[in-house]
Amino acid sequence: MDIEQARYNMVEQQIRPWDVLDQDVLDLLLRIRREDFVPEEHRALAFVDMEIPLGHGEVMWTPKLEARALQELDVRPSDRVLEVGTGSGYLTALLASRAAEVVSIDIVPEFTAAANQTLRAHGIDNVVLHSGDAARDWADEAGFEVIVLTGSTPLLSEAFRRRLRVGGRLFAIVGEPPVMQAKLITCSAPGAFRSVTLFETCVAPLVNAPQPAAFVF
């Protein structure tokens, strides 16, 4: 397989048609080696339009979803980023390549360890990785300009809004199967937020994501 041709085809045939037109994002996708973040047994699928299994019941997002989220978040060089769900570390690498600092949390310690190794191999050293449960909140009083949840959540915890600094952006996929909504929430002023629905999709939920209250007759 011609790796570079496959990478180019991924960008031109999957990602660009999905309204990802920011040239800086497209250039980054051509530069960061996605195949290095894919489990060895699935490496031939690194550029395919599919969710790639990571183990522990988790998967990588499709390339077009990763790219679209990155574009919508408009990550800037001064931004501090919170990523809930490190997974393979590929989206972590994309975020870190544009931000000042990324704090990334995963509930699976093996993912944290593997991502740390791969990120360091790529020379990415502005990432702080933690193993823990951040599906409802991550206690960090310094706040963030960018927050991204890499698993869906039936209900979005209000705690994440409180972690946003003014001007900050939160990307979350909210709802339950078969249809969920990708939302971008912006903190426009202290305690004031604007929410935009970007598109519909369906991805696996975060472990321990908040659930709607059960209706009892």
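The values are calculated or read from the model by the stated rules, or taken from the named source; none is laboratory data. Keep in mind that what you see is a predicted model, and the values were worked out from it rather than measured. Don't worry about glycine lacking a Cβ; one is built from the backbone with ideal geometry, like all the others, and counts go over all protein chains shown.
Residues in the range 37-61 that are touching a strand residue (DSSP E or B) at 6+ places or on another chain (Cβ under 7 Å), assigned to a loop (DSSP other than H, G, I, E, B) and farther than 15 Å from Ala113 by Cα: Glu51 only. Within the range 13-31, residues that are closer than 12 Å to Leu94 by Cβ reach partners that are part of a loop (DSSP other than H, G, I, E, B) and among the hydroxyl-bearing types (Ser, Thr, Tyr) with beta carbons closer than 7 Å, at six or more positions or on different chains, in the pairs Leu28/Ser97.
No other residue among Asp36, Asp74, Asp22 is in contact with a helix residue (DSSP H, G or I) (Cβ under 7 Å, 6 or more places away or on another chain), within 20 Å of Ala182 (Cβ to Cβ) and at pLDDT 95 or above apart from Asp22. The single residue among Arg162, Arg194, Arg169 that is out of contact with any strand residue (DSSP E or B) (no Cβ under 7 Å at 6 or more places or on another chain) and either modelled with pLDDT of 95 or more or closer than 20 Å to Val20 by Cβ (or both) turns out to be Arg162.
With respect to being under 25 Å from Ala134 (Cβ atoms) and either among the polar types (S, T, N, Q) or at pLDDT 95 or above (or both), Arg98 fits the description. When you look at Leu206, is it more than 21 Å from Asp133 (Cβ to Cβ), out of contact with any Cys (no Cβ under 6 Å at 6 or more places or on another chain) and touching a residue at least 12 places away in the same chain (Cβ under 8 Å), yes or no? For Leu206, the condition - more than 21 Å from Asp133 (Cβ to Cβ), out of contact with any Cys (no Cβ under 6 Å at 6 or more places or on another chain) and touching a residue at least 12 places away in the same chain (Cβ under 8 Å) - is not met.
Going residue by residue through the range 189-207, is there one that turns out to be touching a Pro at 6+ places or on another chain (Cβ under 8 Å), among the hydroxyl-bearing types (Ser, Thr, Tyr) and surrounded by 15 or more Cβ atoms within 10 Å (Cβ to Cβ)? Checked the range 189-207: no residue is touching a Pro at 6+ places or on another chain (Cβ under 8 Å), among the hydroxyl-bearing types (Ser, Thr, Tyr) and surrounded by 15 or more Cβ atoms within 10 Å (Cβ to Cβ). Taking the conditions exactly as written (in contact (Cβ under 8 Å) with a residue 60 or more places away in the chain, in a helix (DSSP H, G or I) and within 18 Å of Leu170 (Cα to Cα)), does Glu83 satisfy them or not? No, not satisfied. Kindly establish whether Val20 is under 18 Å from the mean Cα position of the chain (by Cα), outside any strand (DSSP E or B), of a type in the set (Val, Ile, Thr) and closer than 26 Å to Asp106 by Cβ. So Val20 passes the test. Among residues of the range 33-52 that are closer than 19 Å to His122 by Cβ, those with a Cβ under 7 angstrom from a residue that is crowded, with 16+ Cβ neighbours inside 10 Å and of a type in the set (Phe, Trp, Tyr), sequence gap 6+ or separate chain, pair up as Arg34/Phe47; Arg34/Tyr90; Phe37/Tyr90. There is no residue in the range 64-72 that is surrounded by fewer than 19 Cβ atoms within 10 Å (Cβ to Cβ), among the charged types (D, E, K, R) and either closer than 16 Å to Ile32 by Cβ or under 14 Å from the mean Cα position of the chain (by Cα) (or both).
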